[in-house]
Amino acid sequence: MRAPPARGAVQRLPCKPNGVSLSLNPLPDAGMPVRKGEMIAKLSGSLKEELVKYMIEYTVRTAGAHDHNFANSESLLIAFGKWKPEEGLTVHAFVANLVNGGYVLVEAGDPKVIASFVSKFTFWNDVKVVPVVDIGESVPIVGASLAWAKSASKP
């Protein structure tokens with residue numbers, strides 16, 4: 001049985017998926033200040049912030065009498081006029097679907113940023129959040145998956 005690593009030592013994991021080694025820098029000793037993002041994953045010795053794109057579909061709720069819908073729409077417009085993107089949120093596109101909602105393509109490194117954005121408008125909107133990748137990144141993945149599926153399905 002191996003001894004546990006010394007406190008504060010970089011720990012190398014035994015697995016190497018796709019030949020990439022993964023090491024984790026542990027949190028500092030007790031008594032030392034912990035900064036946000038202190039636990040850092042290193043891929044092959046280089047730091048890389050992972051940004052994820054999300055497609056957010058929203059639909060403005062319309063239920064009840066027309067005066068309720070007018071009041072709901074008015075309060076939504078007032079709130080939206082005061083909104084500014086959260087720190088860490090990049091808005092690539094914010095479009096309407098010409099009916100009663102639309103789509104927002106955003107990017108963030110922390111899913112809590114997405115939750116913060118979406119939760120502000122859940123009082124007016126129904127929302128679906130889907131992580132997405134650029135088609136240029138998706139095509140090679142699908143090609144590799146197809147090759148694997150063909151190979152794996154042979155007796």
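What follows is calculated from the coordinates using simple rules that are stated; it is not laboratory data. Because the structure is a prediction, the values reported are computed rather than measured. A quick note on method: Cβ atoms are made from the backbone with ideal geometry, for glycine too, and the neighbour counts reach across all protein chains shown.
If one computes the Cα centroid of region 130-155 and of region 77-125, what distance in Å separates the two points?
30
Write out the chymotrypsin sites (Phe, Trp or Tyr not before Pro) in region 68-147 meeting two conditions: DSSP loop, and at most 14 other Cβ atoms within 10 Å of their Cβ.
Here the chymotrypsin sites (Phe, Trp or Tyr not before Pro) that fit, given the DSSP loop and packing criteria, are Trp83, Phe123.
From the cross-link list Lys53/Lys82; Lys82/Lys128; Lys84/Lys128; Lys53/Lys154, which pairs have alpha carbons spaced over 32 Å apart?
Result: Lys53/Lys154 exceed 32 Å.
For Gly101, what residues show an amide H to amide H distance below 5 Å, using hydrogens built from the backbone and excluding near sequence neighbours?
Sorted by chain and number, the residues that satisfy this are Val60.
Each residue of region 60-74 in order: what ³J(HN,Hα) in whole Hz does its phi give by Karplus 6.51 cos²θ - 1.76 cosθ + 1.60, θ = phi - 60°, with x for Gly and Pro?
Whole-Hz 3J(HN,Hα) from phi for region 60-74: 6, 6, 10, 9, x, 6, 4, 5, 5, 5, 4, 5, 4, 5, 5.
Could you work out how far apart the two model spin labels at Ser116 and Lys154 are, taking each label as a point 7 Å from the Cα in the direction of the beta carbon, and quote it in nm?
Reported label-point gap for Ser116 and Lys154 is 5.1 nm.
Once amide H atoms are placed 1.01 Å from N in the peptide plane, what residues at a sequence separation of 5 or more from Val52, or on another chain, have their amide H within under 5 Å of its amide H?
Placed amide hydrogens put Ala108, Gly109 under 5 Å from Val52.
Taking 0.36 nm per intervening residue step and subtracting the Cα-Cα distance, what contour gain separates Ala96 from Phe80 on full extension?
4.4 nm
Two decimals is fine: what's Rg over Rh for region 53-155, C-alpha atoms, Kirkwood radius as Rh?
Ratio of gyration radius to Kirkwood radius: 1.16.
Using the Karplus curve 6.51 cos²θ - 1.76 cosθ + 1.60 with θ = phi - 60°, work out ³J(HN,Hα) for each residue of region 99-108 in order, rounded to whole Hz, and write x for Gly and Pro.
Karplus values, whole Hz, x for Gly and Pro: 10, 8, x, x, 9, 10, 9, 10, 9, 7.
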